[in-house]
1. Looking at this structure, is Leu118 in a helix (DSSP H, G or I), modelled with pLDDT of 95 or more and within 16 Å of the ligand (Cβ to nearest atom)?
2. Among the numbered criteria (1) within 16 Å of the ligand (Cβ to nearest atom); (2) buried (at least 24 other Cβ atoms within 10 Å of the Cβ); (3) modelled with pLDDT of 95 or more, which single criterion is violated by Pro303?
3. Consider Gly192 carefully, then state whether it is of a type in the set (Gly, Ala, Ser), surrounded by 17 or more Cβ atoms within 10 Å (Cβ to Cβ) and more than 14 Å from the ligand (Cβ to nearest atom).
4. Among the numbered criteria (1) more than 15 Å from Tyr229 (Cα to Cα); (2) within 15 Å of the ligand (Cβ to nearest atom); (3) free of Cβ contacts under 8 Å to residues at least 60 places away in the same chain; (4) more than 19 Å from the chain's Cα centre (by Cα), which one does Gly286 miss?
5. Among the residues of the range 137-188 satisfying the criterion of being in a helix (DSSP H, G or I) and of a type in the set (Asp, Glu), which is farthest from the chain's Cα centre (by Cα)?
6. Could you say whether any residue in the range 318-334 is in a strand (DSSP E or B), under 25 Å from Arg252 (Cα atoms) and at pLDDT 95 or above?
Amino acid sequence: MSMNQINRIALISVTGDPAAEIGQEEAGGQNVYVRQVGLALTKAGWSVDMFTRRLSPDQSSIVQHAPNCRTIRLTAGPATFISRDEVFGYLPEFVKQLQAFQQKEGFQYSLIHSNYWLSSWVGMELKKHQPLIQVHTYHSLGAVKYSSVSERPAIASTRLATEKACLETVDRVVATSPQEKEHMRSLVSTQGLIDIIPCGTDIERLGATERPAARQQLNIPADAKIVLYVGRFDRRKGIETLVRAIAKSSLRGNSNLQLIIAGGYRLGASDGIECDRIRGIVKELGLEAITSFPGRLTESDLPMYYAAADVCVVPSHYEPFGLVAIEAMACRTPVVASDVGGLKFTVVPEVNGLLVPPQDETAFAKAIDRILSDPTLRDNLGQTARQRVETVLSWDSVASGLSCLYNKLLSQSAFVTEKSSQVAA
Ligand code: UDP
């Protein structure tokens with residue numbers, strides 16, 4: 001036991017299965033981040049095991065994504081979907097399963113990168129029993145989330161305390177934007193070490209198709225004015241604001257205007273309920289004829305939809321990073337987004353997109369109309385958007401930032417061990 005292979009690391013994502021189908025219920029940006037970071041780190045020479053909680057007895061225990069990159073599903077609590085707010089009580093079992101996995105494999109990870117507060121708890125627990133470097137990405141901060149909701153769930157105080165302990169004690173926290181770092185400092189703690197490494201996107205797959213070809217493939221007329229939303233059905237996403245903005249658009253009487261609201265949903269689940277509510281508003285505002293709901297988009301659908309659109313709208317009330325924005329930008333489609341969170345970092349207003357105050361349907365309508373009525377502005381913003389993504393927001397550049405951080409922390413810890421053993425001698 002305790003044989004350590006220095007380049008073998010674990011990504012922990014208890015609630016965001018990197019091998020899951022993305023784009024519905026709770027599967028969104030975190031799942032994409034973990035899978036893509038895992039794959040890109042593998043290309044950079046790391047051997048990556050990604051741990052998540054099993055959600056059904058039919059799921060395989062191990063999914064091999066690439067020769068040195070796999071998802072490992074541990075059984076912790078019932079093998080069924082449980083909302084994130086209910087998972088905490090099963091974490092001790094998750095830790096035990098992870099320890100048993102290491103025992104079985106005959107080695108221990110030297111470095112883990114945890115994702116979301118539940119996984120940070122797993123990492124901190126594990127660290128009590130083995131020498132370990134822990135890097136953490138929050139994906140969402142309780143302190144920010146709870147400031148915008150009227151009722152806090154029962155788990156709120158545990159989450160806030162865990163997020164604080166994590167920031168103050170783990171080896172390094174990764175903020176995905178300067179805005180997220182600012183929130184950590186002002187709302188969580190002034191202690192602890194934070195590096196900023198953004199999220200990324202697939203710059204080869206996204207951006208390979210031109211607008212006319214994408215429209216042909218999706219049967220969209222060449223002269224249509226397409227406004228696109230992509231994402232989960234969740235109130236925080238502000239889809240209602242977008243629908244109300246379209247109702248106010250000066251192009252509304254124009255028969256070419258089309259609104260596409262893409263994302264998965266299941267009847268009766270929380271996303272199904274939000275989808276029904278949005279459909280109700282669409283109907284009430286008389287927008288049924290110009291609005292479509294294509295459902296969940298797969299990895300191969302996404303580049304087509306983004307490329308076909310004239311503008312992609314991200315109307316979130318709050319967004320820690322917002323992968324959808326950079327996916328659209330990678331496809332040269334400009335973004336109109338809420339002036340919040342990570343969107344303020346990715347979207348540079350008037351340069352590669354437009355930012356407007358969240359929940360301000362009039363401001364969204366104006367910004368959308370500006371782009372729809374001026375193809376030159378659309379193309380210029382889209383071109384600069386693509387450049388920004390290529391230079392700083394590819395998964396490979398993210399993985400290279402993370403690799404540097406991991407190497408630095410690993411070499412520092414080797415130094416500390418060597419030094420302390422010398423002192424002991
Ligand atoms: N997504 C998808 N299919 C859909 C809707 C969304 O694959 O039908 C993906 C989308 O491409 C993006 C992720 O889900 O990669 C959403 O991440 P984002 O950071 O925008 O939001 P989150 O879901 O984390 O709140």
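1. Spelling it out, Leu118 is indeed in a helix (DSSP H, G or I), modelled with pLDDT of 95 or more and within 16 Å of the ligand (Cβ to nearest atom).
2. Looking at each condition in turn, Pro303 falls short on (2).
3. Spelling it out, Gly192 is indeed of a type in the set (Gly, Ala, Ser), surrounded by 17 or more Cβ atoms within 10 Å (Cβ to Cβ) and more than 14 Å from the ligand (Cβ to nearest atom).
4. (2) is the only condition that Gly286 fails.
5. The qualifying residue farthest from the chain's Cα centre (by Cα) is Glu168.
6. no
Here is a yes/no grid of residues against (1) buried (at least 17 other Cβ atoms within 10 Å of the Cβ); (2) among the hydrophobic types (A, V, I, L, M, F, W, C); (3) under 19 Å from Asp360 (Cα atoms); (4) away from the ligand (no atom under 14 Å from the Cβ):
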| position | (1), (2), (3), (4) |
| --- | --- |
| Ala222 | no, yes, no, yes |
| Ile239 | yes, yes, yes, no |
| Gly253 | no, no, no, yes |
| Ile273 | no, yes, no, yes |
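So that you can scan it fast, the table gives a plain yes or no per residue for (1) within 23 Å of the chain's Cα centre (by Cα); (2) buried (at least 21 other Cβ atoms within 10 Å of the Cβ):
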position: Thr15; (1), (2): yes, yes
position: Gln30; (1), (2): yes, yes
position: Val34; (1), (2): yes, yes
position: Val37; (1), (2): yes, yes
position: Ser47; (1), (2): yes, no
position: Phe101; (1), (2): no, no
position: Lys104; (1), (2): no, no
position: Phe107; (1), (2): no, no
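The values are calculated or read from the model by the stated rules, or taken from the named source; none is laboratory data. Note that this is a predicted model, so its numbers are computed, not measured. When we count neighbours, we look across all protein chains shown, and the Cβ atoms used for this are built from the backbone with ideal geometry, even at glycine.
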